[in-house]
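Since the structure comes first, as structure tokens, the remarks are kept for the end.
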Amino acid sequence: MRYHYGYTNIDVIGAVVIVFTAMLIVAMFANPVQKFEFEQDEVLADGVRDYMEAMLELEENDPEVFWEIAFQVYEKEVSVGACTQCVDVSSYLVPDYIEALPTDLDGGYTEDKTGYYFLFEDDVLEIGANSPHGDLPIRLLWFVKEIE
């Protein structure tokens, strides 16, 4: 009800409740945090795919270098990069197999430690992202045949 001097308390409370309910509904369906995490995970998945494709090509074209990398990451998860605890694949992969090493810049990583890892265990090469933004891990596995 409107009086000549303004709105009643119930009018104001009703308007606030309607606006709050509308904002809640929009937030539930829009969920910007989940969209951001999904977009970042897509970027990480593309990086994992790029590493795996490069390693597949390397194994086909230069198996000796492939196995050298595989033995560096044998039975241990090793980050990719130029740090002392990392496996440095840039000299093997760039620019012949991959344009530039994918790096998780949003995760706070640099070229020294890219945010991706390699693991070779039980004839399986695993390449993954160190810190995915969503709930699920981001990794690819490839069964490698032994050299005869």
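Please treat every number below as a calculation from the coordinates, not as lab data. Note that the structure is a prediction, hence the values are computed from the model and not measured. Every residue, glycine among them, receives a Cβ derived from its backbone with ideal geometry; neighbour counts consider all protein chains shown.
General remarks:
- When only the Cβ of Lys, Arg, Asp and Glu is charged (+1, +1, -1, -1), the dipole of the stretch 12-70 relative to its Cα centre reaches about 1000 debye.
- In terms of surrounding Cβ atoms within a 10 Å radius of their Cβ, 91, 131, 79 rank from fewest to most as 91, 131, 79.
- By the count of neighbouring beta-carbon atoms within 10 Å, fewest first, 145, 113, 76 end up ordered 145, 76, 113.
- Annotation: amide H-H contacts under 5 Å for residue 133 (H modelled 1.01 Å from N, sequence separation of 5 or more, or interchain): 41.
- Relative contact order of the chain, pairs being alpha-carbon contacts under 8 Å that are 6 or more residues apart, as %: 22 percent
- Placing unit charges on each Cβ (+1 for Lys and Arg, -1 for Asp and Glu) gives the chain a dipole about its Cα centre, and among 9, 101, 127 the Cα reaching farthest toward its positive end belongs to 9.
- Residue 112 long-range amide H proximity, modeled H, under 5 Å: 82
- From phi via Karplus (6.51, -1.76, 1.60), per-residue ³J(HN,Hα) for the stretch 127-141 in Hz, x at Gly/Pro: 10, x, 9, 5, 9, x, 7, x, 7, 9, x, 10, 7, 10, 10
- Whole-Hz couplings from phi, Karplus 6.51/-1.76/1.60, listed for the stretch 46-58; x for Gly and Pro: 4, x, 4, 4, 4, 4, 5, 4, 5, 5, 4, 5, 4
- Put a plus charge on the Cβ of each Lys and Arg, a minus charge on the Cβ of each Asp and Glu, and nothing anywhere else: the dipole of the chain about its Cα centre is then about 1520 debye.
- Using alpha carbons only: equivalent-ellipsoid semi-axes of the chain, gyration tensor based, whole Å: 53, 14, 12
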